[in-house]
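Have a look at the structure below before the remarks.
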Amino acid sequence: MKVFESATRRTGKGVAPHGMEDKDGFAEIIRSLGVSACLLLLASCAGSAEDRGSGNWPGYGGPVGDQHYSPLDQINDGNVGRLGLAWFHDIDVGGSSLTAPVAVDGVLYFAAGYSVVHALDAVTGKELWRYDPKSPQVAGEKMRAAWGSRGLAYDDGKIFVGTIDGRLIALDARSGGPLWSAMTVDKNDGRYITGAPWTFNGKVIIGHGGADFAPVRGYVTAYDQKTGRQLWRFHTVPGDPAKGFENEAMEMAARTWTGEWWKYGGGGTAWNAFAYDPRFNRIYVGTGNGAPWNRTIRSPGGGDNLFLSSIVALDADTGDYAWHYQTTPGESWDYNSAMDIELADLKIGGETRPVILHAPKNGFFYVLDRQTGKLMSAEKIVPVTWAERIDVATGRPVENPAARYLDGKPAIVYPSEKGAHSIEAMAFNPKTGLVYIPVIDHGQAYMDPPGALADWRHQSGQRFSPGVSYPNEPGLRQPKSALLAWNPVTQRPAWRTPTTAGWRSGGATATTAGNLVLQGRESGQFQAFAADSGRQLWSFDGQTSVTAQPIVYAVKGRQYITVIAGARFWSAKDRDRVWNYRTQQWRVLTFALDGKAKLPPALKEEPSIADDPAFRVDSARAAAGARTFGERCAICHGENADAAGAAPSLLESGVPMDLASFKAVVQQGLLLDRGMPRFSELNDDEMESLQHYVRARAREEGVRRTKSD
């Protein structure tokens, strides 16, 4: 059966198939699609937004099962060579563009930078409307998270988006007008939103981040889609026992903690992936790492520390606890489980089972029973040293004691805190039975900083709260990354194609019924592979990094593929190509068969290093500035000030050369509207040290470039 394009449309009385309003129109559908297709159409009308119309892509996880899979096959492995650029749209707002669009009924929606929502005609790329929540003006220190919006959701004529300052906003999908806004966090509590909302049963759920920046206790909240009224909230870690527990689940979880963990927040934030399961009417929540990272600080007597690094199943109507599975008990390595939670039916042991597919940071791939949460299997997808294996009988890891970094002694651990699988989405193709995972093979040396166990405290303005430093260890291997096709039934690789991104994986993936896997690369290439074999079939030069989530959809019988080019990076280190913020253009790229559009020529000139020969660098000040830079600046401007394109290179900027201008930007927030946070807590001495560090690095980079010419 040929898959039909967007078969539903919005009416004043709900959702109706095209032509359903008159019997002649409906008869035409019967004749053109056939009975089986129309039964599927009618079933889609009765389902949730993500099941309505196979031509749409209404949420982060795609049309069905949060699999990042499209049943469309007009573009396939036999004709993908004809794929061309249909249109492009230049992004002109500041901040990150590592974001997943959605497409519904001929309109493409995306949120760039600090949740500035755009609606474009999905056929032409013409902008229809734009909504700016003005987050930088109210976010304060929360802007330091730097990630921007990772996605949004559509349901029942509404677009839902979260903001860095903690709001969940509903917009009218036709006009972009705000319908309601709910503040999901307290103003100064360190929580912020970067992840996509999830919709189900007339509800919308949102989590938050923040545990790496402040003493934060994680939770998720469900709201009524029509009114924004809070319906329920579930905390992911327990609070102060003296104040009582919200429910029996929190009382149970508290027995797995020791000491006074609540003073540190605890963490467990649900900042990225969820999944809704209509079969059991459950919402699955993926939770984050501990805060601080090292369990020895937050829970000195040990313990599993529930529900850190877990999948928690909740009743979708009430938010009541159903079951949990913890991937990393006693988490101490930033091995969060906030990665994709994908739903599938797999034939295992001769029986078709409803399962969850999950590849968290810790290096194992998990298959869980969706009804009970029981572990069915788990195997390593990259080299792993923190645990020997996962015991299927108990569901627990057989941990390597040497992986615990204690008493100031470093521990070399694989994978690193960057994870075997990070935020770049994996995808499951029910036709091939394979999962496509952007993986990283990278190790890390962890060590407690001096005095951390005795008196560790959150510090205002710091970048992370791990209670861990990273000593240089010569024994670490060169990092590698790959696109891995994994068989979840056999728990074995099917094929693998390497990427050249070092400790960063390739981009997020999507897969289709046309036997395609779509993935961008940090090199700037957007590529299509044969889903069954991994053979590269097609490539396009996006002129900047392409690591965001691709989506696949149809409008009026024509299939499209859209991806955002312009993701954020942390560092230029270990990369085969370095992008320059000032010369690259971030864009929406949309492709179709026989597309004829062309990108304008890329700007290739490299800005020169900024320097003042009369400036004398004080080495002691520069060393102090390096510490400040690492805590506050590196997340955007790159480790060792090696900017990778997410923000301007300070080595090429004239701003740090003039101390007054430098203070105006950093201390006073002169460039807030362009995504540059304010660091008002930095005193004048710290600012001068930062200036000396940037000047020192600029001269080192100038020497390096001269030698390489």
Identify, by number, the condition in (1) in contact (Cβ under 8 Å) with a residue 40 or more places away in the chain; (2) surrounded by fewer than 18 Cβ atoms within 10 Å (Cβ to Cβ); (3) in a helix (DSSP H, G or I) that V138 doesn't meet.
(1)
Taking G148 and the conditions (1) crowded, with 22+ Cβ neighbours inside 10 Å; (2) out of contact with any Gly (no Cβ under 6 Å at 6 or more places or on another chain); (3) assigned to a loop (DSSP other than H, G, I, E, B), which numbered condition does it fall short on, given that it satisfies the others?
(2)
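Give D121, D132, D92 a once-over and let me know the one that is surrounded by fewer than 18 Cβ atoms within 10 Å (Cβ to Cβ) and free of Cβ contacts under 8 Å to residues at least 12 places away in the same chain.
That would be D92, the only listed residue that is surrounded by fewer than 18 Cβ atoms within 10 Å (Cβ to Cβ) and free of Cβ contacts under 8 Å to residues at least 12 places away in the same chain.
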Would you confirm whether or not region 174-187 contains a residue that is under 21 Å from G94 (Cα atoms) and of a type in the set (F, W, Y)?
no
For region 260-292, name all the residues that are in contact with a helix residue (DSSP H, G or I) (Cβ under 7 Å, 6 or more places away or on another chain), free of Cβ contacts under 8 Å to residues at least 60 places away in the same chain and assigned to a loop (DSSP other than H, G, I, E, B).
none
Residue list for region 168-208, restricted to those being out of contact with any helix residue (DSSP H, G or I) (no Cβ under 9 Å at 6 or more places or on another chain) and among the basic types (K, R)
R174, K203
Of those in region 66-89 that are over 21 Å from the mean Cα position of the chain (by Cα) and of a type in the set (G, A, S), the residue surrounded by the most Cβ atoms within 10 Å (Cβ to Cβ) is A86
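Find the residue count for region 276-298, including only residues that are more than 25 Å from I423 (Cβ to Cβ) and modelled with pLDDT of 95 or more.
4
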Might you let me know whether region 401-418 holds any residue that is modelled with pLDDT of 95 or more, over 28 Å from N515 (Cβ atoms) and within 18 Å of the chain's Cα centre (by Cα)?
no
In region 59-104, what count of residues is obtained for those that are polar (S, T, N, Q) and not in a loop (DSSP other than H, G, I, E, B)?
1
Options A112, A139: the member that is in contact with a His (Cβ under 7 Å, 6 or more places away or on another chain) and at pLDDT below 95:
A112
Test: residue in region 688-697 that is in a loop (DSSP other than H, G, I, E, B) and under 30 Å from Q543 (Cβ atoms):
no
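Could you tell me whether D391 is surrounded by fewer than 20 Cβ atoms within 10 Å (Cβ to Cβ), under 26 Å from I440 (Cα atoms) and at pLDDT 95 or above?
On the way: surrounded by fewer than 20 Cβ atoms within 10 Å (Cβ to Cβ): yes; under 26 Å from I440 (Cα atoms): yes; at pLDDT 95 or above: yes.
Spelling it out, D391 is indeed surrounded by fewer than 20 Cβ atoms within 10 Å (Cβ to Cβ), under 26 Å from I440 (Cα atoms) and at pLDDT 95 or above.
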If you go through region 622-631 one residue at a time, do you hit one that is modelled with pLDDT of 90 or more and either over 24 Å from D212 (Cβ atoms) or among the hydroxyl-bearing types (S, T, Y) (or both)?
yes
Reported set for region 248-274 where residues are touching an Asp or Glu at 6+ places or on another chain (Cβ under 7 Å) and surrounded by fewer than 24 Cβ atoms within 10 Å (Cβ to Cβ) is T256, W262
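Looking at T352, T385 in this structure, which one is more than 26 Å from V285 (Cβ to Cβ) and either of a type in the set (S, T, N, Q) or outside the structural domain of L476 (by TED's automatic domain parsing) (or both)?
Matching residue, one of T352, T385: T385.
Being at pLDDT 95 or above and under 17 Å from A100 (Cα atoms) is true for just one of T124, T199, T184, T194. Which residue is that?
After ruling out the rest, the residue left standing is T199.
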Hey, among K409, K374, K431, which residue is in contact with a Leu (Cβ under 9 Å, 6 or more places away or on another chain), surrounded by fewer than 19 Cβ atoms within 10 Å (Cβ to Cβ), basic (K, R) and in the same structural domain as A344 (by TED's automatic domain parsing)?
K374
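The values are calculated or read from the model by the stated rules, or taken from the named source; none is laboratory data. A quick note: this is a predicted structure, and the numbers were derived from the prediction, not measured. Note that we place each Cβ from the backbone using ideal geometry, even for glycine, and neighbour counts take in every protein chain shown.
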